[in-house]
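*Asks:* For reference, the structure I am asking about is given below.
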Amino acid sequence: MLDGTRFVAKHLEKALADEWMAHYQYWIGSILVNDRYENVVAQFVEHAGQEYDHATEIGAWLLKNAPRDGRVPTSLDELLRGPHHCGYKEPVMNDPKSLVHDSIQGEACAIRFYSELITAIDGKEYYGGNLPDMLEWILKDEKTHMSDLQKLLKTL
Ligand SMILES: [Fe+2]
Ligand SMILES: [Fe+2]
């Protein structure tokens, strides 16, 4: 069984890749979708920025707290081919409904992932001090993203 820091680091390595993929998913969606769906474009741009922030915080946490247990890929190829959990869903068309649906699936996966990790580390002390706060902050954002997307879907 993996020791505590290694356990957390392995999960956060996957989360780092997922956050970058989510960032890209929103970014590509924001330029694929027709500009006349300006509320979709605006939401995707906002979410893309927040997924980027999540990746930044997770990468910084890994480097500071688990430099021997967690990899922060310096190669893009490694990031894309390395371990991940929710992954990237390549858009099949530029239809806004389909793009929003893809992101809803991604957010549902992220919410499950962070909820399970928060439960797994509950009460444990092996991690760097701000880990629970960081995970709760990210989870709150993912839940907001989900409700933003569900509201958006009703307008399409
Ligand atoms: Fe995220
Ligand atoms: Fe999200």
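The values are calculated or read from the model by the stated rules, or taken from the named source; none is laboratory data. Note that the structure is predicted; figures quoted are calculated from it, not measured. Note that we place each Cβ from the backbone using ideal geometry, even for glycine, and neighbour counts take in every protein chain shown.
*Asks:* Quick check on my filter: what residues within segment 31-54 are among the polar types (S, T, N, Q), more than 16 Å from ligand 1 (Cβ to nearest atom) and either part of a helix (DSSP H, G or I) or within 15 Å of Leu153 (Cβ to Cβ) (or both)?
*Replies:* Within segment 31-54, the subset among the polar types (S, T, N, Q) is 34, 39, 43, 50.
From what's left, more than 16 Å from ligand 1 (Cβ to nearest atom): 34, 39.
Asn39, the sole residue that qualifies.
*Asks:* Another question, if that's okay. Determine which member of the set Leu12, Leu99 is closer than 15 Å to Leu135 by Cβ and in contact with a Gly (Cβ under 7 Å, 6 or more places away or on another chain).
*Replies:* On the way: Leu99 fails: closer than 15 Å to Leu135 by Cβ.
Residue meeting the stated conditions: Leu12.
*Asks:* Give the residue, chosen from Ala60, Ala66, that is more than 29 Å from Asn39 (Cα to Cα) and free of Cβ contacts under 8 Å to residues at least 60 places away in the same chain. Outline the logic, then answer.
*Replies:* Working: Ala66 fails: free of Cβ contacts under 8 Å to residues at least 60 places away in the same chain.
Result: Ala60 is the single residue among Ala60, Ala66 that is more than 29 Å from Asn39 (Cα to Cα) and free of Cβ contacts under 8 Å to residues at least 60 places away in the same chain.
*Asks:* Looking at (1) of a type outside the set (Phe, Trp, Tyr); (2) within 15 Å of ligand 1 (Cβ to nearest atom); (3) assigned to a helix (DSSP H, G or I), find the lone condition where Lys10 falls short.
*Replies:* Result: Lys10 fails condition (2) only.
*Asks:* For residues in segment 27-60 being surrounded by 23 or more Cβ atoms within 10 Å (Cβ to Cβ) and within 12 Å of the chain's Cα centre (by Cα), which is farthest from ligand 2 (Cβ to nearest atom)?
*Replies:* Out of the qualifying residues, it is Ile58.
*Asks:* So, of the residues in segment 137-156 that are part of a helix (DSSP H, G or I) and loosely packed, with under 12 Cβ neighbours inside 10 Å, which turns out to be farthest from ligand 2 (Cβ to nearest atom)? Before you say what the answer is, go through the steps one by one.
*Replies:* Going through segment 137-156, the residues part of a helix (DSSP H, G or I) turn out to be 137-154.
Next, from what is left, pick out any that are loosely packed, with under 12 Cβ neighbours inside 10 Å: 140, 147, 151, 154.
Details: Lys140: 10, Ser147: 11, Lys151: 15, Lys154: 19 Å.
Going through the qualifying residues, I end up with Lys154.
*Asks:* To continue, here is another question. I want to confirm something. Restricting to segment 61-88 and keeping residues that are charged (D, E, K, R) and crowded, with 16+ Cβ neighbours inside 10 Å, which single residue is farthest from ligand 1 (Cβ to nearest atom)? Before you say what the answer is, go through the steps one by one.
*Replies:* Keep residues of segment 61-88 that are charged (D, E, K, R), which gives 64, 68-69, 71, 77-78, 81.
Okay, now just the ones that are also crowded, with 16+ Cβ neighbours inside 10 Å, so 69, 71.
Values: Asp69: 22, Arg71: 19 Å.
Among those residues, the one meeting the criterion is Asp69.
*Asks:* Starting from residues that are polar (S, T, N, Q) and in a helix (DSSP H, G or I), keep the ones in segment 75-110 and report whichever is nearest to ligand 2 (Cβ to nearest atom). Before the answer, list the steps.
*Replies:* Narrowing segment 75-110 to residues polar (S, T, N, Q): 75, 94, 98, 103, 105.
From what's left, in a helix (DSSP H, G or I): 98, 103, 105.
Numbers: Ser98: 18, Ser103: 8, Gln105: 11 Å.
Going through the qualifying residues, I end up with Ser103.
*Asks:* Inside segment 118-136, can you point out the residues that are away from ligand 2 (no atom under 15 Å from the Cβ) and either touching a residue at least 12 places away in the same chain (Cβ under 8 Å) or assigned to a helix (DSSP H, G or I) (or both)?
*Replies:* The initial filter retains those residues of segment 118-136 that are away from ligand 2 (no atom under 15 Å from the Cβ), namely 118-133.
Hits for segment 118-136 are Ile118, Thr119, Ala120, Ile121, Lys124, Tyr126, Tyr127, Gly128, Asn130, Leu131, Pro132, Asp133.
*Asks:* Quick check on Glu51: is it among the acidic types (Asp, Glu) and in contact (Cβ under 8 Å) with a residue 40 or more places away in the chain? Don't jump to the end; show me each part of the working.
*Replies:* Numbers: among the acidic types (Asp, Glu): yes; in contact (Cβ under 8 Å) with a residue 40 or more places away in the chain: no.
Answer is no for this residue.
*Asks:* Within segment 89-97, identify whether any single residue is at pLDDT below 95, loosely packed, with under 14 Cβ neighbours inside 10 Å and closer than 29 Å to Ala9 by Cβ, and answer yes or no.
*Replies:* There is at least one residue in segment 89-97 that is at pLDDT below 95, loosely packed, with under 14 Cβ neighbours inside 10 Å and closer than 29 Å to Ala9 by Cβ.
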